[in-house]
Structure formats: C-alpha cells, structure tokens
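The values are calculated or read from the model by the stated rules, or taken from the named source; none is laboratory data. Just so it is clear, the structure is predicted and the values come from calculations on it, not from any experiment. Here the Cβ is made from the backbone with ideal geometry for all residues, glycine too, and neighbour counts use every protein chain on show.
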Amino acid sequence: MNFGFTEEQELLRAEVRKFLDQNAPLEVVRKQVETPEGFDRNLWNRMGELGWLGLSIAETHGGVGLDFVTLVVLLEETGRSLFPSPLLSTVVSARAIELAGSPEQQARFLPGLADGSKVGTLALLEEGDSFDPRDLALVGKADGDDWILDGRKRVVCDAANADLFVVAFRTGAAPDALSLAVLEKGASGLSVDDWPVMDRTKRLGGLRLEGVRVPADSLLGAAGSAAGVIGSLVDLGATGVAAEAVGSAEAALQITTDFARDREQFDSKIGRFQGVKHPLAEMYVDIESFKSLVYYAAWCIDQGAEDASRAASRAKAYAAEAFARVGIDGVQLHGGVGFTDEYDIQLFLKRSKWVRPAFGDADYHYDRLAALGGL
Amino acid sequence: MDFKLTPEEEAFRDEVRSFLDENLPPADQRGPDFGAEWNRKVREKRWVGFSWPREVGGGGGSLMEQVILKDEMAQRKAPPLGSCFMGLAWVGPSLIEYGSEEQKQRFIPDILDGKYQWCTGYSEPSSGSDLASLQCKGVRDGDEYVVNGQKIWTSIAMWSKWMILLVRTDTEVEVKHDGITCLLVEMDSPGLEVRPIRNMAGGEMFAEVFFDDVRVPVENRLGEEGQGWQVTISALAHERSGIAEFHGLMRNLERLKELARNTMKNGRPAAEEPGIRRRIVQAETRVESMRLNGMRFLTKQLKGEKLSSETSINKLHRALLEIELGEIALEIQGSAGPLWQGAEPAAENGHWQRFALNWPEVVIGGGTPNIQKNIIAERILGLPKD
C-alpha cells in the first residue's frame, strides 16, 4: 500500500520546479502573457525536448509512455507557477486520439503533440454550456461518408494557438449518437475567435464552423461511438484542471502566509491574530484534501477503474470551490495591496475564476455524483 | 501509487473474512447471547488491543494489519473489538508506556476483557482547551496523594470503576506543564462524588466529578511525579490516520440518502431537490477526502515517519461533518425538522433531531475546531504563536 509518489516522480517534480523557477518566475510570466501567442514558444519547445509534453503519450508515438499520475506532478508544478501554456489542452486532445483514433491517426497526430510542434485542444462546449455530452446540439450533416458542420463551439481552451481541434458533434438523433473528429487549423470554413480572459495566463476562444467538411478519415472511431470517450475526456480534463489548481492554491497560500508573517499592524505581525490564522488554516485543510482527491482520481484514470468518473468529479468539485475561497481570502488577507496589480496574489484569484468552470463547475460535478451515487 | 496488499496482508484479510463469515450473523439474527459470545471470540483471536504487544496480551498486529482488520469489520458492520472504550483508546497505551510491571498486570487484562469501564479526568471548569492550566490539587501525604478539586466533562463517569486523573502536584514550576501528575483513582473512593450533566439533547453522558480529600495510594501513580503531561500527550499522540472515523461517517451518509429518498419535501422526494442532492454529495466528497487523507498519512507511517499536526486536518473535517449531516437531515425533514422523538412525522423516531443536537460531544470533545486551526496555523504554516 503506497498512496504517494515514486522517487522518479519526486525527481521530476524537483526538475520541473527548478526549470520553472529559473525560466518562468511570475515577473517573467507577466511579460509572456503580453506576447501575441501569450506563451513562450522557446520554453514550450524545450519542455517538448525534455519529454514533458509527451509524458503520458506512448513511446511508439514519440512520448515517454508514463502514466497520468506522473503527469499530475507536472500539472501541479505548472499550476504553481501559473505557467502560461497550452499543456492541458494538448494532453486532453492527445488522449482523445489515443482512446479513439486509428493506428494511422495516432501515427499522424501524436508525435507532433508529444514534441510540442503541434498544439491541440478539445472543442466541446456550445451555447448550451453543458458538459453532459447528451446536450450537444451541433449536428453533422451526412454527405456520402463525410460530414458537414455548420455552427459554433465556444469557450475552447487555447483556440487561437491550436493546430488541431478535436471537435465533438452529433451524428444521429439518439442522445448518445456522438462523434469526435480531428480538424486542422486552416480547414476551409473553420475560423477562430480569440477572446480576452480575466486570467491572462489562460487563453479561451471560439470556433466558427461554416460548411466545414469532416472527411470520413478524420473521424476518431466509428460515427456515433464517441459518447463514452467524451465522458473519459471530461474525467481527464477535470482531474487535470484540479491538479493545476493544487499547485496554484498552494502558491497562493504560501504567498499569503509569507505576507502574514511579515506585515505588522497593532504592533504585531498580523499572522499572530486568529482572524488571520484561521482562514489560512482552512485554506491548508482544503488544499491538502482536494490534493488527496486529485491523486486518487488520477490513479483511478490510470487503472481504468469503475470509480474514475466519481473520483474525478469529487476532485474537481472540491478544487473549484476551495480554490475560489483561497483566491478571495488570499486577496482579502493582503488588505489594500492585495487589490493592486503590483502584488501577485491577484493573479491567483484570477486563475481561480478560470479553474471554476473548466471541465465542469462544482454544481455540474455534484449533480453527476448524485446521479452516480444513488440519489 | 499502489493500493495493492502484499500476499501476507491478503492472507490476513482472508483470515478476517472467514472469521466474520463464521461468527457474525446478520444483525436481525443475533440472539441475546451474541454480544458476550462475540467479545469472547475476538478476545481469543487477540483482536482486542490488536496493536498492543503480545506480552501484555495484545495482538502484536502491524499498522497495515490493523487497518485491514478495522476496514473489514466496518464493511460488515461488526460490533466493536472490546468494550472498554477509554481503556483501549488511551489508558492501556499509557500503561504500556509508563506503567510499572505490577500496574500492567493489574489493569491491562481487565481492559482487554472489558470487565469494567474507565473514565478520563482531564478537563476542569477553568481548564478546557488550555488543559495544562489545570488546578485540581494532589498533595503527597506519606504513601498517599490527597486530591482536592473538580473535574468536568468526564464522559461515562457514572458507569466507570476507574478514572485516569491529572492533578497538579507542584504549583511553583515555571512551565505549567511541569507540575502535573497522573493518578489512577477508584471511583468508589471516599470523598469522590459524581454529578451527571444533562446535555441539550436530554441525554446524560458527561458528569462533574468532585474530589474532597480523596486519598490515592502512591502505587496508583502512573509515571513519575511531575510527568503527567508527557503521560497524557504520549497517549493522545497515538495519533491515527482517521480512517476509522470514515466508516462511521459513510454509514451515516448512506442512512441520510435513504432518508432523502423516503421523505417528501415540496411535494416530491427530498432526494429530487437539487439543493439537497448537492449538499449530500458535497458532504460525501469531504468524507471521501478524509479517507484519502488518511491513506496519505498511513503511507507516511508505513515509511516509518511519525504523524504530527496534520491529523488536525481530518479532525476538522469530522467536526464540520458531524454538524453538517444533522443540518442536512433537518433540512430534508422540512417542517418536521423541529419535532422531537414521539412525534409521528419525526423520521426514525427523532434519530436525526437527536443527532443534530449531539455533535458537541465529538466537535468540542476532541479539541475545538478553532484550536485545531491554531495548531495547523502555528505548527504547520509557521505563524507566530498567539
């Protein structure tokens, strides 16, 4: 029985942290987000060379072939430093191709996603804003073996930087008649909106599909077979977001604790007052607890465990609620300076706003848990 | 990360399972003699005091075996292993660590056999969360200590034969923790009076205990004079990962779901109300996080590291959950929420109403939530002491 990381995983954590501390401290991150792409391609490529981007992609496709638990270590660290990159989007798109793609599709797309030369993302949400695949409204119109798409996808992570879009759409009237296809940037009729985001370390946008042709060989698996895969991608994405939130929330707690140890009022360090101590202790309790849920969810995903969806929902629901509180309390405990652009704590508050809905907010996951848990 | 058991651990688990198959009939088929029979059999198996050394009559079980045993027992809703609650929880461990040979032989077999109950005389009217400030006095007089003062919040004092008691034997010490001594006191000693305290739920679990020149033989001192604080801390510091509490909370959650399915609210089953559904699974999520926190703590222990303040995490969760489950249950029952046992619409004859008033026993007893937060802030986050 061992609910902890291996030595290799701890070593990876130390390496990633050192790399990010050296190359992307927050004052550098603040500059990276000002660039047109919003992230540093050179660093991204170096991470690809180090094997980190393809950590959980099979070796035959240019990855390192490790498990999702190991990837959680990387995500915690990128979360800790608010590192701007399309890492999670690319991981989720690669997983879609691994789960449902043919050997040809895997050979074609995965090496680029593993080395960072290609950025991928999942285009799932629509105007209805539902993570339940059965609510998808975008319908593919059959044209021979091909499908034609007309409609929009929204709140697509890293849309403006993506080379590959894994698009979910409906290929039949039955609730579960869903399909996934890979569309490449520049496909005829496909255009991208890039939206301003409260958290500038994350990119969000929309997809416009105007008579976009989905050739039969772009479908991942048979038409109408993707409902289960989409569910797995939501599990993976939700756990991934929560893993990033572990790192971000820990950093926010650290920054706020340091401030409370340093700042003096009423002739005392404010960290001596219980009114300051208690919210910090609550943050710690919450972070440690959703961390446990994240690790277990990642393990369940690796094992293909029956409990994976419930585990992922628990991790994401708790992470979304707890990190939201960490952000608000973190800013509040800083007093006036917490509200300034100069101090870093506000960057974490903004990240918590991105985390909340990503791959399902707490209400969505609680409802899913209730349905799966006999209520 | 790996949750697999070793072959030896699996063999132990199978042994537990077959024991339960043979000796644990379903709840509705247990006769009047079942309790005594059960106690005798688990005692024979050395599963009472399972983690204690074999030479004192314990089972010598490893940490992992202990977890497996408790887990299997809880899944089958087995009765507790042993009936002397406080004796097994901390009097025994204190005796093992600090007791003389004679004390061990005198008390430990009775604790394992559940012959009688022990109670705990720690808290005083002016010494609650700040336990080390206690004032109840013990003055050495020849071969005896003469005890004068008062204890309070002493659980099951009226049904106990013995008490583990902390007294102040030295008022001159610089550090208040240093002047405390631990005594073992017979409850029928002359001058000792027990007055039960009625709690807000109408029950009587606690008592005040008054000492008026109560004489305690020196041979009943546990540890050295002035060593009482260490004796206490070491017993309370047999910190567990909190996995055991998980099962109890999980059972209450299942029962709460059942209540939600069977109770009408706003014209439909309460289980269909989105707010109720979310509140239940939110609590369930917290309970599951306790289980997994416990697994992380256990992993640490298995690597040979000691647990310290991090166990406050699960104590805080448990405190919040004891309150929250009762609150959810009353919300489910809507207008019947404020009724009391005896009222026909109060589900399960008022079980949840009593539950909703009984949380302080757990929440305050184990160190209040605010004290747990202080511990975390000071010992883990490194904030200055108050």
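For the range B:49-87, filtered to residues that are over 30 Å from residue B:7 (Cβ atoms) and touching a helix residue (DSSP H, G or I) at 6+ places or on another chain (Cβ under 7 Å), the residue that is surrounded by the fewest Cβ atoms within 10 Å (Cβ to Cβ) is B:83.
Rundown of residues vs (1) outside the structural domain of residue A:98 (by TED's automatic domain parsing); (2) among the aliphatic types (A, V, I, L, M); (3) within 30 Å of residue A:24 (Cα to Cα); (4) not in a strand (DSSP E or B), yes/no style:
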{"residue": "A:188", "(1), (2), (3), (4)": "yes, no, no, yes"}
{"residue": "A:197", "(1), (2), (3), (4)": "yes, yes, yes, yes"}
{"residue": "A:217", "(1), (2), (3), (4)": "yes, no, no, yes"}
{"residue": "A:251", "(1), (2), (3), (4)": "yes, yes, yes, yes"}
{"residue": "A:254", "(1), (2), (3), (4)": "yes, no, yes, yes"}
{"residue": "A:257", "(1), (2), (3), (4)": "yes, no, yes, yes"}
{"residue": "A:261", "(1), (2), (3), (4)": "yes, no, yes, yes"}
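The single residue among A:224, A:140 that is within 24 Å of residue A:304 (Cβ to Cβ) and touching a Ser or Thr at 6+ places or on another chain (Cβ under 7 Å) turns out to be A:224.
Residues in the range A:134-169 that are surrounded by 20 or more Cβ atoms within 10 Å (Cβ to Cβ), of a type outside the set (A, V, I, L, M, F, W, C) and under 16 Å from residue A:218 (Cβ atoms): A:140, A:153. Put simply, of B:138, B:92 the only residue that is part of a strand (DSSP E or B) and outside the structural domain of residue B:47 (by TED's automatic domain parsing) is B:138.
Residue under question is residue B:1, and the condition is that it be closer than 30 Å to residue A:5 by Cβ, of a type in the set (A, V, I, L, M), surrounded by 15 or more Cβ atoms within 10 Å (Cβ to Cβ) and touching a strand residue (DSSP E or B) at 6+ places or on another chain (Cβ under 9 Å); does it hold?
Answer is yes for this residue.
Looking at A:225, A:248, just one residue is touching a helix residue (DSSP H, G or I) at 6+ places or on another chain (Cβ under 8 Å) and over 16 Å from residue A:97 (Cβ atoms), and that residue is A:248. Restricting the range A:328-375 to residues that are of a type in the set (Asp, Glu) and in a loop (DSSP other than H, G, I, E, B) leaves a set whose member that is nearest to the other protein chains (Cβ to nearest Cβ) is A:361.
Would you pick out the residues in the range A:244-275 that are charged (D, E, K, R) and either touching a His at 6+ places or on another chain (Cβ under 9 Å) or within 12 Å of chain B (Cβ to nearest Cβ) (or both)? Within the range A:244-275, A:250, A:258, A:261, A:262, A:263, A:264, A:269, A:272 meet the criteria. Candidates in the range B:268-295 are the residues that are facing chain A (nearest Cβ under 7 Å) and touching a residue at least 40 places away in the same chain (Cβ under 8 Å); of these, the one that is farthest from residue B:4 (Cα to Cα) is B:280.
For the range A:82-111, which positions are closer than 17 Å to residue A:37 by Cβ and out of contact with any Asp or Glu (no Cβ under 6 Å at 6 or more places or on another chain)?
A:82, A:83, A:84, A:85, A:87, A:88, A:90
Selection of the range B:1-41 for residues being in contact (Cβ under 8 Å) with a residue 12 or more places away in the chain, away from every other protein chain (no Cβ under 14 Å) and not in a helix (DSSP H, G or I) yields only B:24.
Can you confirm whether the range A:70-93 contains a residue that is outside the structural domain of residue A:303 (by TED's automatic domain parsing), free of Cβ contacts under 8 Å to residues at least 60 places away in the same chain, surrounded by fewer than 24 Cβ atoms within 10 Å (Cβ to Cβ) and out of contact with any strand residue (DSSP E or B) (no Cβ under 8 Å at 6 or more places or on another chain)? Within the range A:70-93, none of the residues are outside the structural domain of residue A:303 (by TED's automatic domain parsing), free of Cβ contacts under 8 Å to residues at least 60 places away in the same chain, surrounded by fewer than 24 Cβ atoms within 10 Å (Cβ to Cβ) and out of contact with any strand residue (DSSP E or B) (no Cβ under 8 Å at 6 or more places or on another chain). Residue count for the range A:92-126, restricted to those that are touching a Phe, Trp or Tyr at 6+ places or on another chain (Cβ under 9 Å) and closer than 15 Å to residue A:45 by Cα: 4.
Screening the range A:105-171 for strands (runs of 3 or more DSSP E) wholly inside it with 3 or more residues that are over 13 Å from residue A:91 (Cα atoms) returns the ranges A:140-143, A:146-157, A:164-170. Of the residues in the range A:242-256, at least one is of a type in the set (Val, Ile, Thr) and surrounded by fewer than 23 Cβ atoms within 10 Å (Cβ to Cβ).
Within the range B:225-247, can one find any residue that is within 27 Å of residue B:356 (Cβ to Cβ), facing chain A (nearest Cβ under 9 Å) and not aliphatic (A, V, I, L, M)? Scanning the range B:225-247, I find no residue that is within 27 Å of residue B:356 (Cβ to Cβ), facing chain A (nearest Cβ under 9 Å) and not aliphatic (A, V, I, L, M), so the answer is no. Of all residues in the range A:280-292, none are modelled with pLDDT of 95 or more, outside any helix (DSSP H, G or I) and not assigned by TED's automatic domain parsing to the domain that holds residue A:157. Of the helices (runs of 4 or more DSSP H) lying entirely inside the range B:325-386, the ones with 3 or more residues being closer than 20 Å to residue B:204 by Cα and at pLDDT 95 or above are found at B:351-358. Looking only at residues in the range B:85-127 that are over 14 Å from the mean Cα position of the chain (by Cα) and of a type in the set (Phe, Trp, Tyr), the one that is farthest from residue B:54 (Cα to Cα) is B:122.
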